[in-house]
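A.B. asks: Quick one: structure below, then a few questions.
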Amino acid sequence: MMNRSVFEFDHALSVLADKHRRKVLRLLQKDNPRLESEFTIDEFVDEVDEPRISAINLYHVHLPKLAEEHIIEWDQESHTVRRGEAFDEIVPFLELFEESMD
């Protein structure tokens, strides 16, 4: 069980602060579960990102962070990512965050 609720506003913002984590969550909103291979690196790279660095960050920073927070479940043996127990708690913050970005 989680020690900290993602309902804490500041904590939710820190989780959603990175565009790559938001992208993972948006993709899982559409299709759940997903194979790791469906998170193509091209989707996570923009003008300032280098593909190799984006891949490293996705698998060594962003997916582990979301899994640690129980927002996703990441099965590295089956290479699948699915919504975690706290996924529904973070979605309202994700939507609010994205509305404010528009």
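A.B. asks: Tabulate in residue order the Karplus-calculated ³J(HN,Hα) for segment 12-17, using 6.51 cos²θ - 1.76 cosθ + 1.60 with θ = phi - 60°, rounded to whole Hz; enter x for Gly and Pro.
C.D. replies: 4, 5, 5, 5, 8, 4
A.B. asks: Could you run the Karplus curve 6.51 cos²θ - 1.76 cosθ + 1.60 with θ = phi - 60° over segment 71-82 and give me ³J(HN,Hα) per residue in whole Hz, x for Gly and Pro?
C.D. replies: My calculation for segment 71-82 gives 7, 10, 10, 10, 9, 6, 6, 8, 6, 10, 10, 9 Hz in order.
A.B. asks: Once amide H atoms are placed 1.01 Å from N in the peptide plane, what residues at a sequence separation of 5 or more from Arg83, or on another chain, have their amide H within under 5 Å of its amide H?
C.D. replies: Amide H neighbours of Arg83: Glu73.
A.B. asks: Same structure, new question: Label-point separation (nm) for Glu99 and Asp10, each offset 7 Å from Cα along Cα-to-Cβ?
C.D. replies: Reported label-point gap for Glu99 and Asp10 is 2.4 nm.
No value in this document is a laboratory result; all are computed from the given coordinates. Here the structure is a predicted model, which is why all the values come from computation and not from measurement. Positions of Cβ are generated from backbone atoms using ideal geometry, with glycine treated the same way; all protein chains shown enter the neighbour counts.
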